[in-house]
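Participant: If you scroll down you'll find the structure; I have some questions about it.
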Amino acid sequence: MQEKTPPAWGTPPDTAQEQPEAAPADGAYTQWYEVKKGDTLWKIAKEVYGDGSLYPEIFKANQDTLSDPDKIQVGQQLRIP
Amino acid sequence: MKLKSVFAGFLSLAMAAALLAGCANQMEPAKKAIADIEAAVAAAGPDAAQYIPDQLQAVTTQVADLKMKFDQKDYKGLLAAAPALLAQAQGLTAAAASAKQAAEAAALEAFNSEWGTLAADVPAQLAAVTSRVGILSKSKKLPAGLDAASFAAAKSGADEAKALWDQATAAQAAGNMEQAVMAGRQVKEKLDAAMAGLGMSAG
């Protein structure tokens, strides 16, 4: 895994990179988070919601690309509902 | 000689009387002509002032000129100019109605266009804000950078936006596009503020 740029809040995925297939509901107001080295869904949930235990919200919103909440990849774009 | 002078005096008097009588004969028609024109201007109502101010101004200026002629007892000149001005004044009502109709059609088109933008934009924005507020409401602790007051303001803003959007869509369904757009604009303002307060990026 390679560390990428810092998280870009609300920035849509860079289409030049290999990206997960966008869910139909994605639009201008979909909030995005780019996974960085050392991130877990728990950590991301703690950062964006203040409470790591809310990580299932992020997992549910990304089930089209995540099959396991423990398996996220650096550079991956996650929807933050 | 004396008889001739008396006769000349009588003749002058008679001519002056005839002239005065002639003027008096024209004064009433002149007065009526002005009244008719003013009635035609009044009939055009406030729509004329709102939608065809230049045309209205042109007529009222000419009415003032006629009144000046009346004051100068130029009844002949007044009566000569009156028919054209009356026709112009009578045309104000139709011209104002036509201009009003055109203005309303243009406004409706603009409202329809703006509504199209709002209807394509607001539901997604409302859903994004509502989702975030809902999740943050379950959080045991707010994230860094978001204090309780800001969150409460964003939450109430989202609630108000939801209620206003319901009103906007109801107004649109009822065909009241102006009311729909006005409410829609308020929704956008509230949602933009809520997103900013929550630290969300606006599309």
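Bear in mind that the values in this text are calculations on the coordinates, not laboratory data. Just so it is clear, the structure is predicted and the values come from calculations on it, not from any experiment. Backbone-built Cβ (ideal geometry, glycine too); neighbour counts: all protein chains shown.
Participant: State which entries of A:Lys36/B:Lys190; A:Lys60/B:Lys138; A:Lys37/A:Lys60 exceed 25 angstrom in Cα-Cα distance in the structure shown.
Facilitator: In this structure, A:Lys36/B:Lys190 exceed 25 Å between Cα atoms.
Participant: Ok, one more. Expressed as a rounded percentage, what relative contact order does chain B have, with Cα pairs under 8 Å and six or more residues apart?
Facilitator: On the way: 162 pairs, mean separation 37.7, N = 203.
Reported relative contact order: 19 percent.
Participant: Averaged across the residues of B:123-132, what count of C-beta atoms belonging to other chains lies within 10 Å of each residue's C-beta?
Facilitator: Working: counts 2, 6, 3, 1, 5, 9, 1, 1, 6, 7.
Partner Cβ neighbours, averaged per residue: 4.
Participant: I want to check the label-to-label distance for B:Ala80 and B:Gln167. Put each point 7 Å from Cα in the C-beta direction and report it in nm to one decimal.
Facilitator: Label-label distance for B:Ala80 and B:Gln167, simple model: 6.3 nm.
Participant: Could I ask something else about it? Relative contact order of region B:106-198, please, whole-number percent, based on alpha carbon pairs below 8 angstrom and at least 6 residues apart. Walk me through the numbers on the way to the answer.
Facilitator: On the way: 81 pairs, mean separation 37.0, N = 93.
Normalised by residue count, the contact order of region B:106-198 is 40 percent.
Participant: Starting with the fewest neighbours, write out B:Asp74, B:Asp54 ranked by other beta-carbon atoms found within 10 Å of each beta-carbon.
Facilitator: Numbers: B:Asp74 16, B:Asp54 6.
The most exposed by this proxy come first: B:Asp54, B:Asp74.
Participant: Please provide three numbers in whole Å: the alpha-carbon extents of region A:32-79 along the principal axes, with the largest listed first.
Facilitator: The Cα atoms of region A:32-79 stretch 23, 21, 18 Å along their principal axes.
Participant: Let me check against my output: what whole-number percent is the relative contact order of region B:48-116, with C-alpha pairs under 8 Å and at least 6 apart? Don't skip to the end; give the middle numbers.
Facilitator: Values: 26 pairs, mean separation 28.9, N = 69.
For region B:48-116, the relative contact order is 42 percent.
Participant: Across peptide A:41-50, what mean number of C-beta atoms from other chains lies inside 10 Å of a residue's C-beta? Before the final figure, lay out each step's value.
Facilitator: Values: counts 0, 0, 0, 0, 3, 4, 2, 9, 10, 10.
Mean partner-chain Cβ count within 10 Å for A:41-50: 4.
Participant: So what is Rg over Rh here for chain B, counting just Cα atoms and using Kirkwood for Rh? Show your work: numbers first, answer last.
Facilitator: On the way: Rg = 35.0 Å, Rh = 23.2 Å.
Radius of gyration over Kirkwood radius for chain B works out to 1.51.
Participant: Another question, if that's okay. For chain B, find the longest principal axis of its Cα atoms and tell me its angle to the long axis of helix B:75-138, 0 to 90°, nearest 10.
Facilitator: Once rounded, one gets 0 degrees.
Participant: Check which residues have an amide H placed less than 5 Å from A:Leu78's amide H, if you skip close sequence neighbours.
Facilitator: Answer set, sorted by chain and number: A:Tyr33, A:Glu34, A:Val35.
Participant: Work out from phi, with θ = phi - 60° and the Karplus expression 6.51 cos²θ - 1.76 cosθ + 1.60, the ³J(HN,Hα) of each residue of region A:57-70, listed in order in whole Hz, and give x for Gly and Pro.
Facilitator: 4, 6, 4, 4, 6, 10, 5, 6, 10, 10, 9, 9, x, 8
Participant: Taking the 0 to 90 degree range and rounding to the nearest ten, how far is the long axis of helix B:2-51 tilted relative to the main principal axis of chain B, both from C-alpha atoms?
Facilitator: 10
Participant: Can you list the lysines whose alpha carbon sits under 27 Å from that of B:Lys69, skipping same-chain ones fewer than 8 residues off?
Facilitator: Qualifying lysines at Cα under 27 Å: B:Lys31, B:Lys32.
Participant: Using a cut-off of 14 Å between alpha-carbon atoms, which aspartates and glutamates can reach A:Lys46, once sequence neighbours fewer than 8 places away in the same chain are excluded?
Facilitator: A:Glu57
Participant: What angle, in degrees between 0 and 90 and rounded to the nearest 10, separates the Cα long axis of helix B:53-71 from the longest principal axis of the Cα atoms of chain B?
Facilitator: The helix B:53-71 is inclined about 20 degrees to chain B.
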